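Structure first, then comments.
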Amino acid sequence: MRSFFDIDRFKEIMDTLSRNRSRTILTGFGIFWGVFMLLALSGGAQGLKDLLLRNFKGFATNSGFLIPNATTRPYKGFQRGRSWKLDFGDIEAVKAQVDGVEKVAPVGTRWGETAVFGDRTYNGSFKGITFDYYSIETPKIKFGRPLNRMDMEDERKVCILGKRPWEELFPGGEDPCGQMVRIGGVYYQVIGVDVSESNISIGAPSEWTITAPLKVFNKLYGKGDEVEFLGFTARDGWRVKTLFKDISAILSRRHYFDPDDDQALFSVNSESIFTMMDNLMKGVDIMILLIGLGTLLAGAIGVSNIMMVTVKERTSEIGIRRAIGATPRMILGQIIKESIVLTMTAGALGIMFTVLILSGAELAATKDGVLTAHFQIGFWTAIGAVAVLTVLGVLAGLAPAMRAMSIKPVDAMRDE
Amino acid sequence: MLLELKDINKTYFGAQPLHVLKGINLSIDRGEFVSIMGASGSGKSTLLNILGILDNYDTGEYWLDGRLIKDLSEKQAADYRNRMIGFIFQSYNLIGFKTAVENVELPLFYQGIGRRKRRQMAMEYLDRMGLTQWATHFPNEMSGGQKQRVAIARALVTHPDIILADEPTGALDSKTSVEIMGLLSRLNREDKMTIIVVTHESGVANAADKIIHISDGVIGSIEQNRDHSAARFGSGDLIK
């Protein structure tokens, strides 16, 4: 038996496939569609995942936030409904007393603050932070630098512009570093632009926010050592959920509210949100894999089925070939090779079509020349798909080929 | 003897076992032109299938060119069919999606002969059949007589020992039938080709030198037929 890549044998296969065009096209379409569905689905899912994860980008997955709220129970002589505030003392206490906490970040926020530069104004959110806040939310610096410890200690009047305020105040898109921006009657020097687009945010999205050192922020509003809310990250091996309990115990002692009063301290747990998202993504992945493989399998079975009918239709042709000297192995080889060539060609076309469609999706997802989500399938995914296809091609060809092998040359004459 | 059958028996085991060949003894020499005649159901087609190594027999011996043809593997059978036997069928059995010359080439393809050599040999035989201009036409573009001539070219292209023809004129009109039988006679006379024709038409059988009558699975009589103009059905050159 000669090898697969014998040019003569190959020509025979190509002739048979190309001269029975409609049969070939119909059979190939099944595989083409299966590949397209599998790859387009996996590419689409990946892009969707990217789009979703973009919301969480730069956000620590092991962080928690605590926001004080009016009490709902009387405690130690205090009435219910009493408001209370966090302060710097709480931050130090939590840092000192809770083991599992890595970084503690007090935050102050103000909605509806107006920033002015020249004749342009921006109305949005103003936020005061300490350096540790960057451990929770990583800035994406386009110009300049983020706030540093010196800014905090020296209480410098500097600020970082979010994407929106930068665009509003500096519509030319220029580097605003060094410019003075007026916020609430006080001038701040712009030292950086943060273009982070994370949609998880406590207070306001960082995209809309102007950020300054917390102490400077507090001075502007006369807040003393008051803190609006407290963010923290957990050390490796600690659950955010258990840390909530420890911290709330300390705070209840310091501010005299009932430790069992769940309403007095509002908490947001990024860890649980991330875990949920993660599980959701895994679920979507599995579903897409199942749908894709199902489609591909259905395609292969379809091909096998059509090949089966084809072999029946070709009884006379195969009988003739047998009568004039083809051995059963030659027939078997031809049918299987036909099916491999067909699946691989149709599969390659399916891959090309998918790449084209996904390129279009990526083009649509590109904003300001920046790709926001990767839809395109990887090179090795495509190679893997080709490998799976070849195996499926052989399997799809096997059953019909076995039937073709059993055709006796006499059948050719009986058939007519 | 080129071909020798010794007490060949063949039974089809269906719902009712059918004893089709009941002890056939026959020998045919190289260069003979023989026809096998019989009514339908007489066993003549089964006999042809056994001669063409397309079917097995139960008992007896079949010798072809000094080789015992019995219990062959599929591969060996395919090889013997390819090299020793040329088939001509009633329904031509050309492959519809292949051109005339490609059909003629096919047996050579299975011999593993290179493309250029194959094409050259096939064209040579198509030329002998007067079909040079039709080489690149598909079977459905040709008349019955042309198709049968392509089939004859395909049978001849491997230089077989015997040509086996199963009702070669069964699907042709009488004028074309005469042409085809004339072609076979000439092959026998000029090329000393051994030809066995199976038919139920006496006019066709008459073209052969020896007529073997078969009925109910046994050979009735063997008739020497040297005078081809005698005992014709119809008149003039018409066979039917």
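The values are calculated or read from the model by the stated rules, or taken from the named source; none is laboratory data. Given the structure is predicted, the values throughout are model-derived calculations rather than measurements. No Cβ is skipped: glycine too gets one built from the backbone with ideal geometry, and neighbour counts run over all protein chains shown. These accessible areas exclude ligands, DNA and RNA; they are computed on the full protein's heavy atoms, side chains included. Shrake-Rupley method; radii C 1.70, N 1.55, O 1.52, S 1.80 Å.
Mind checking which lysines have their C-alpha under 18 Å from A:Lys337, skipping anything on the same chain fewer than 8 residues away? Straight-distance partners of A:Lys337: A:Lys11, A:Lys312.
Centroid-to-centroid, using Cα positions, region A:361-404 and region A:124-186 are 45 Å apart. Working from Cα pairs under 8 Å separated by at least six residues, relative contact order for region B:3-238 is 28 percent. Figure note: A:Lys157, A:Lys49 ranked by solvent-accessible area, largest first, 1.4 Å probe, ligands and nucleic acids not counted: A:Lys157, A:Lys49.
The listed residues A:Tyr187, B:Tyr62, A:Tyr134, once ranked by accessible area (1.4 Å probe) with the largest placed first, stand as A:Tyr187, A:Tyr134, B:Tyr62.
Between B and A, roughly 2600 Å² of accessible area is buried in total, ligands, DNA and RNA not counted and the probe set to 1.4 Å.
Across region B:164-181, coupling constants 3J(HN,Hα) worked out from phi with the 6.51/-1.76/1.60 Karplus curve, θ = phi - 60°, read 10, 10, 9, 6, x, 10, x, 10, 10, 6, 5, 5, 5, 4, 4, 4, 5, 5 Hz, and Gly and Pro carry x.
What order do A:Ser22, A:Ser198 take when sorted by accessible area (1.4 Å probe), most exposed first?
A:Ser22, A:Ser198
When you look at the Cβ of every residue in A:314-323, what mean number of other chain Cβ atoms sits within 10 Å?
5
In a simple Cβ point-charge model (Lys, Arg +1; Asp, Glu -1; nothing else charged), the protein assembly as shown has a dipole of about 180 debye relative to its Cα centre. Put the Cα centre of region A:74-111 next to the Cα centre of region A:229-258 and the gap is 9 Å.
Take the solvent-accessible surface of the protein heavy atoms, probe 1.4 Å, and return the percent of it on the protein assembly as shown that carbon and sulfur atoms account for.
Details: 16930 of 30340 Å².
With neighbouring chains kept in place, the figure for the protein assembly as shown is 56 percent.
On a per residue basis, the protein assembly as shown carries 46 Å² of accessible surface, using protein heavy atoms and a 1.4 Å probe.
Of the whole protein surface, A:Trp111 contributes about 150 Å² of accessible area at a 1.4 Å probe radius. If we count every other residue with Cβ under 12 angstrom of A:Lys140's Cβ, Lys/Arg +1 and Asp/Glu -1, where does the sum land? Residues close to A:Lys140 contribute a combined charge of 0. In region A:85-235, taking the dipole from charged Cβ atoms about the Cα centre, the farthest positive-side position among A:Gly184, A:Pro205, A:Thr130 is held by A:Gly184. A straight Cα-to-Cα reach below 15 Å connects B:Lys210 with the aspartates and glutamates B:Asp29, B:Glu32, B:Glu201, B:Glu223, B:Asp227, residues fewer than 8 places away in its own chain not being considered.
The charge dipole of region B:3-238, taken about its Cα centre with unit charges on the Cβ atoms of Lys, Arg (+1), Asp and Glu (-1) only, comes to about 680 debye. Of the residues A:Leu398, A:Trp33, A:Ala298, the one whose Cα sits farthest towards the positive end of the charge dipole of the protein assembly as shown is A:Trp33 (charges of +1 on Lys and Arg Cβ, -1 on Asp and Glu Cβ, taken about the Cα centre). Contact order for region A:85-235, expressed relative to its length and based on alpha carbon pairs under 8 Å spaced 6+ residues apart, stands at 36 percent.
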